[in-house]
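J.: Below you'll find the structure I mean.
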Amino acid sequence: MTTLSPEILGTLEGQAIELPSWAFGNSGTRFRVFPTPGTPRDPREKIADAAQVHAFTALAPSVALHIPWDKVEDYGALRSYAEDLGVRLGTVNSNTFQDEDYKFGALTHHDERIRRKAIDHHLECIDIMHETGSRDLKIWLAEGSNYPGQNDMRARQDRLQDSLQQIYARLGEDQRLVLEYKFFEPSFYHTDVPDWGTSYAQVAALGDKAMVCLDTGHHAPGTNIEFIVMQLLRLGKLGSFDFNSRFYADDDLIVGAADPFQLFRILVEVVRGGGLNNPDVAFMLDQCHNIEDKIPGQIRSVLNVQEMTARALILDREALDAAQQANDVLGAHAVFMDAFSTDVRPALAQWRESRGLPADPMAAYAASGYQQKIAEERVGGAQAGWGA
Ligand code: AOS
Ligand code: ZN
Ligand code: ZN
């Protein structure tokens, strides 16, 4: 059995992966949303489910909120509720994609009334962050155009910068803004923040408290995502990850499910660039569980990240460096593949047990009876928000 050094285990112990509240709601495609028994009916129940993931893995100590999907009267009370369950409230995600006014844009809109409304929504999110104790405001924009000539793309970039500056000015001392990019959808011709370069240009003009959010599902097929990770870390601008998997589009599948090797390659660059357990680089999941149970879906996801992190940590850097220096192409590749091909699961299971955690969190959750309990107790669980 492969063993993991105390140093590696110490690093793994510090790993924290934030869960998205919306992963616990029902979601689906535009064709059908299949309801799952036991689905949370309100933000508290989503947090309770997220706390289960943490209880079985010790990997997920915080939950990201989405406004307005997680809107409540009293955020202080929600915060205490979460903390009593052993988790804290994390990133606040804004939403400018479900309001009729935003059909043709929000932070980029040429109509000053609509743009003001979208900016004000973000200011409200920052006010909420003060109450929830959240550090990061995550902005993903669903704006763009469908046809060439439809919009003045240049003017939209200028208005976006102005809007972001107004939002940035409201951030507290210890708060940050992370700007997510996505190359298409819901707009199909142009998206106002389509790539890391645009996100970087926009946040770099704001200041140190603005960073890029990299969602692993938001790139064209074949994109070398680990190169982007390397570059953003090198520039000190990688603020957060939204981890998920894609086969075709923005599939939001379980991280590491579609391409475990890609997840490994990304984590190798994270380790190389000092991004692991670095408070400046938030690890988050952005997933939707359409047909599988949500809590075990999230448990599987955080375990996948942990497993690939362990493999990235066992990469023999000295041997790799030596091979690279000698221009030993196949030797360097072999060192890299050795780490990826190493089965660290038995060592991780043993280590979990030594810390009082279940060796197999998936099996332990299934045996816990929680899923049956919520299925009986909760009737009429809510949709995650997409299309709601
Ligand atoms: C959308 O495609 C993005 O991935 C967003 O990060 C996210 O799914 C949304 O903002 C949910 O709040
Ligand atoms: Zn995302
Ligand atoms: Zn997405």
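J.: Suppose the filter is more than 21 Å from the chain's Cα centre (by Cα), part of a loop (DSSP other than H, G, I, E, B), in contact (Cβ under 8 Å) with a residue 24 or more places away in the chain and closer than 27 Å to R246 by Cβ; does Q157 pass it? Steps first, answer last, please.
T.: Working: more than 21 Å from the chain's Cα centre (by Cα): yes; part of a loop (DSSP other than H, G, I, E, B): no; in contact (Cβ under 8 Å) with a residue 24 or more places away in the chain: yes; closer than 27 Å to R246 by Cβ: yes.
No: the conditions fail for Q157.
J.: Among the numbered criteria (1) in contact with a His (Cβ under 6 Å, 6 or more places away or on another chain); (2) within 30 Å of Y81 (Cα to Cα); (3) more than 16 Å from ligand 1 (Cβ to nearest atom), which one does S94 miss?
T.: Result: S94 passes all but (3).
J.: Now for a separate question. Working only within the range 245-260, note down all residues that are in a loop (DSSP other than H, G, I, E, B) and under 15 Å from P221 (Cβ atoms).
T.: R246, F247, Y248, A249, D250, D251, A258, D259
J.: Let me ask another. Within 16 Å of ligand 3 (Cβ to nearest atom) and either within 23 Å of S62 (Cα to Cα) or not basic (K, R) (or both), is that true of G217?
T.: Against the criterion (within 16 Å of ligand 3 (Cβ to nearest atom) and either within 23 Å of S62 (Cα to Cα) or not basic (K, R) (or both)), G217 qualifies.
J.: Find the residue count for the range 200-229, including only residues that are outside any loop (DSSP other than H, G, I, E, B), within 26 Å of F264 (Cα to Cα) and touching a helix residue (DSSP H, G or I) at 6+ places or on another chain (Cβ under 9 Å).
T.: Residues in the range 200-229 being outside any loop (DSSP other than H, G, I, E, B), within 26 Å of F264 (Cα to Cα) and touching a helix residue (DSSP H, G or I) at 6+ places or on another chain (Cβ under 9 Å): 10 in total.
J.: Mind listing just one residue for me: the one in the range 199-220 that is farther than 18 Å from F243 by Cβ and free of Cβ contacts under 8 Å to residues at least 24 places away in the same chain and, of those, surrounded by the fewest Cβ atoms within 10 Å (Cβ to Cβ)?
T.: Result: D208.
J.: Is it true that G274 is more than 16 Å from ligand 1 (Cβ to nearest atom) and either touching a Phe, Trp or Tyr at 6+ places or on another chain (Cβ under 6 Å) or not hydrophobic (A, V, I, L, M, F, W, C) (or both)?
T.: yes
J.: If you don't mind, another one. Of these, E143, E131, which one is among the acidic types (D, E) and within 16 Å of ligand 3 (Cβ to nearest atom)? First the steps, then the outcome.
T.: Details: E131 fails: within 16 Å of ligand 3 (Cβ to nearest atom).
Within the list E143, E131, the selection yields E143.
Each row is one residue, and each column tells you yes or no for (1) crowded, with 18+ Cβ neighbours inside 10 Å; (2) assigned to a loop (DSSP other than H, G, I, E, B).
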position: R311; (1), (2): yes, no
position: A323; (1), (2): yes, no
position: L330; (1), (2): no, no
position: M337; (1), (2): no, no
position: A347; (1), (2): yes, no
position: A364; (1), (2): no, no
position: Q371; (1), (2): yes, no
position: I374; (1), (2): yes, no
position: G381; (1), (2): yes, yes
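J.: Restricting attention to the range 55-82, which residues are surrounded by 19 or more Cβ atoms within 10 Å (Cβ to Cβ) and either among the charged types (D, E, K, R) or part of a strand (DSSP E or B) (or both)?
T.: The answer is S62, V63, A64, L65, H66, D70.
J.: Give me a count of the residues in the range 1-42 that are surrounded by 17 or more Cβ atoms within 10 Å (Cβ to Cβ), assigned to a loop (DSSP other than H, G, I, E, B) and polar (S, T, N, Q).
T.: 4
J.: Between F241, F261, F247, which is under 16 Å from the mean Cα position of the chain (by Cα) and either touching a residue at least 40 places away in the same chain (Cβ under 8 Å) or closer than 30 Å to P37 by Cβ (or both)?
T.: Working: F261 fails: under 16 Å from the mean Cα position of the chain (by Cα); F247 fails: under 16 Å from the mean Cα position of the chain (by Cα).
After ruling out the rest, the residue left standing is F241.
J.: Under 6 Å by Cβ, and 6 or more places apart or on different chains, what pairs join a residue from the range 135-149 that is among the aromatic types (F, W, Y) with one that is within 16 Å of ligand 3 (Cβ to nearest atom) and outside any loop (DSSP other than H, G, I, E, B)?
T.: Short answer, once both residue conditions are applied: W140/E180.
J.: While we're here: Just to verify a result, which residue in the range 128-145, among those that are more than 16 Å from ligand 2 (Cβ to nearest atom) and of a type in the set (A, V, I, L, M), is farthest from L179 (Cα to Cα)?
T.: The qualifying residue farthest from L179 (Cα to Cα) is I128.
J.: How many residues does the range 226-252 hold that are buried (at least 21 other Cβ atoms within 10 Å of the Cβ) and within 16 Å of ligand 1 (Cβ to nearest atom)?
T.: Counting residues in the range 226-252 that are buried (at least 21 other Cβ atoms within 10 Å of the Cβ) and within 16 Å of ligand 1 (Cβ to nearest atom) gives 10.
J.: Name the residue, out of A282, A312, that is over 16 Å from the mean Cα position of the chain (by Cα) and either more than 16 Å from ligand 3 (Cβ to nearest atom) or of a type outside the set (S, T, N, Q) (or both).
T.: Result of the check over A282, A312: A312.
J.: Looking at E185, is it buried (at least 17 other Cβ atoms within 10 Å of the Cβ), farther than 28 Å from R234 by Cβ and within 16 Å of ligand 2 (Cβ to nearest atom)?
T.: Values: buried (at least 17 other Cβ atoms within 10 Å of the Cβ): no; farther than 28 Å from R234 by Cβ: yes; within 16 Å of ligand 2 (Cβ to nearest atom): yes.
No; evaluated as a whole, the condition is false for this residue.
J.: Let me ask something else. Taking the range 188-224 as the region of interest, how many residues are within 13 Å of ligand 2 (Cβ to nearest atom) and under 29 Å from G133 (Cα atoms)?
T.: Selection size over the range 188-224: 9.
J.: Tell me, yes or no, whether the range 135-151 has at least one residue that is touching an Asp or Glu at 6+ places or on another chain (Cβ under 6 Å), under 14 Å from V203 (Cβ atoms) and not in a loop (DSSP other than H, G, I, E, B).
T.: No, the range 135-151 contains no residue that is touching an Asp or Glu at 6+ places or on another chain (Cβ under 6 Å), under 14 Å from V203 (Cβ atoms) and not in a loop (DSSP other than H, G, I, E, B).
Since every read-out is calculated from the coordinates, none of them should be taken as a lab result. Predicted model only: the values in this text are computed from it and were never measured. For neighbour counting, all protein chains shown are included, and Cβ atoms are generated from backbone atoms with ideal geometry for every residue, glycine included.
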